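Notes follow once the structure below has been shown.
Quick note: the coordinates plus some simple rules give every number you see, no bench work behind them. This is a predicted model, so every value here is computed, not measured. Quick reminder, even Gly has a Cβ in these numbers, built from the backbone with ideal geometry, and neighbours come from all protein chains shown.
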Amino acid sequence: MTDEIIVKPSAESLASAARSAGKKGLPPVHLWNPEFCGDLDMRIARDGTWYYLGTPMGRVEMVRLFSTILRRDGDDYFLVTPVEKVGITVDDAPFVAVDFEVSGDGNSQVLTFETNVGDFAVAGPDHPIRVERNPETGEPSPYILIRANLEALIDRKSFYRLVDIGTHHEDWFGLWSGDEFFPIIPSNELE
């Protein structure tokens, strides 16, 4: 019997691998299936702040780099490279939609969201908007799918702007984007 030594990767080794893998856009993390190397003391807070060893990561470029190798499998989040897979903690959604632009109007309206890490997503069938309501307070939490099982929490200021351009459709109040209607709340529950 041999004793196997498991070396946990560091944030620096993951960053180096991500830089190498992502030279031409987003790396194909969905194709990589390396061995699980353990959990890394990295956390993404609900407000989109990334922490490493309990300290906020101040370098925007590093956060952006790590965001490109993020993957969600079931309810768990991982940073994945061709040779390493480490677990991280995500408090809510891994991204925050910090702004959006509107073009067109009515059913033809198009909503393009930008995240805190510089990703863009056009709301529609491939990037649906959904709203969860806190069962105790009724407070809405709106999300948009950014990429492969990874969502962004839509920030409060953007959500208020979305409500201003919302409309009623088939007993629901919601939003149109890309010829798709995204319900927010039943019309009869609006005050």
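Considering every residue within segment 140-153, establish whether at least one is over 23 Å from T89 (Cα atoms) and of a type outside the set (V, I, T). I'd like the intermediate steps shown before the answer.
Initial filter on segment 140-153 (over 23 Å from T89 (Cα atoms)): none.
Scanning segment 140-153, I find no residue that is over 23 Å from T89 (Cα atoms) and of a type outside the set (V, I, T), so the answer is no.
Output the strands (runs of 3 or more DSSP E) that fall wholly within segment 47-105 and possess 1 or more residues being in contact with a Cys (Cβ under 9 Å, 6 or more places away or on another chain), or say none.
In segment 47-105, the matching strands (runs of 3 or more DSSP E) lie at 85-90.
Of G138, G124, G118, which residue is without any contact (Cβ under 8 Å) to a residue 40 or more places away in the chain and of a type in the set (G, A, S)? Even if it seems obvious, please write down each step before you answer.
Working: G124 fails: without any contact (Cβ under 8 Å) to a residue 40 or more places away in the chain; G118 fails: without any contact (Cβ under 8 Å) to a residue 40 or more places away in the chain.
When all the criteria are applied, what remains is G138.
Within segment 97-117, how many residues are over 11 Å from I146 (Cβ atoms) and either surrounded by 14 or more Cβ atoms within 10 Å (Cβ to Cβ) or of a type in the set (G, A, S) (or both)? Before you say what the answer is, go through the steps one by one.
Within segment 97-117, the first condition is being over 11 Å from I146 (Cβ atoms), and the residues that meet it are 98-112.
If we keep only those that are either surrounded by 14 or more Cβ atoms within 10 Å (Cβ to Cβ) or of a type in the set (G, A, S) (or both) as well, we get 98-100, 102-104, 106, 108-112.
Matching residues across segment 97-117 total 12.
Count, please, the residues in segment 34-86 that happen to be buried (at least 16 other Cβ atoms within 10 Å of the Cβ) and either of a type in the set (A, V, I, L, M, F, W, C) or on the phi > 0 side of the Ramachandran plot (or both).
Residues that pass the stated criteria total 17.
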